[in-house]
Structures are given as C-alpha cells and as structure tokens.
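Enquirer: Quick one: structure below, then a few questions.
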Amino acid sequence: MQPFTERAVHIIRSIPAGKVMTYGQVAAAAGSPRAARQIVRILHSMSRKYRLPWHRVVNKYGEIAVKEEESSFEQRALLEEEGVIFNGERRIDLVTYSYWPSDEEPNHSTQEHS
C-alpha cells in the first residue's frame, strides 16, 4: 500500500461515530490537499476490505456525494443512526459535525476542498 493510501485509510478509520470529514479534509490530513479524488478511489476500492466507515466522508458542502440511490440512502441512514442531523437542503452542518484528527481548530483552506 502506498504511504498516502495508508495514511488516508488510517484517518478514515479514526473518524468517530457521529462525525464526518470531507474528501478534501481526509486528503489534506493524509498529506496531499489536492487529492480528494484519490480519497473517492480509496473509499470505493478499499472500504469493504479494510472495514472503513465510508459513510462518514462527505463532499465539501456537507452533502452525500454518492449518486447511486440505494447507497446514498444507506449512507444517510447510517449517519442518522449515529446522530448526525441533515438540514432541509440535505446538508450536514460541517461546523457541528466535522472531525479534525489533530483536535485543533480547523484551517479554513482545508475546509474549502471537496
């Protein structure tokens, strides 16, 4: 496994129940802020094998990015079971629900990535 992929898997595993990270947050925390699409690939290809909490990763707007209806419904249901609330626009309040692995105040440039 490549070092970036290994770091990303570790970070995704560390997201606690009831919290989310954006694809861009995971990429930045893994050392490559512009690699949000790589996080999508990692989640798609490795979630089952490594038992990743794939449902805790959302887009930069706090929305479920999965287009397939059944998976999108499953992701929302899993998040709601963990206490995550969606607003009327089908968004998660990232200020409330974002997880920051360093436990530091978020860097706003990190939040801008999808």
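The values are calculated or read from the model by the stated rules, or taken from the named source; none is laboratory data. Since the model is a prediction, treat every value here as computed from it, not as a measurement. Note: ideal-geometry Cβ built from the backbone for every residue, glycine included; neighbour counts use all protein chains shown.
Enquirer: Taking the range 2-23, which residues are basic (Lys, Arg) and within 11 Å of the chain's Cα centre (by Cα)?
Expert: Scanning the range 2-23 gives 13, 19.
Enquirer: Continuing with this model, one more query. Quick one: count up the residues across the range 26-75 that are among the charged types (D, E, K, R) and touching a Phe, Trp or Tyr at 6+ places or on another chain (Cβ under 7 Å).
Expert: Result for the range 26-75: 0.
Enquirer: May I pose another question? Limited to the range 52-110, what total is found for residues that are within 14 Å of the chain's Cα centre (by Cα), in a loop (DSSP other than H, G, I, E, B) and modelled with pLDDT under 95?
Expert: Total satisfying the criteria: 4.
Enquirer: Here's another thing I want to ask about it. Under 8 Å by Cβ, and 6 or more places apart or on different chains, what pairs join a residue from the range 20-36 that is assigned to a helix (DSSP H, G or I) and hydroxyl-bearing (Ser, Thr, Tyr) with one that is surrounded by fewer than 23 Cβ atoms within 10 Å (Cβ to Cβ) and at pLDDT 95 or above?
Expert: 23/36; 23/37; 23/40; 23/59; 23/60
Enquirer: Here is a check on your reading of the model: is residue 17 in a loop (DSSP other than H, G, I, E, B) and touching a strand residue (DSSP E or B) at 6+ places or on another chain (Cβ under 9 Å)?
Expert: No; evaluated as a whole, the condition is false for this residue.
Enquirer: Which residue out of 26, 58 is among the β-branched types (Val, Ile, Thr), crowded, with 21+ Cβ neighbours inside 10 Å and more than 19 Å from residue 3 (Cα to Cα)?
Expert: The unique qualifying residue is 58.
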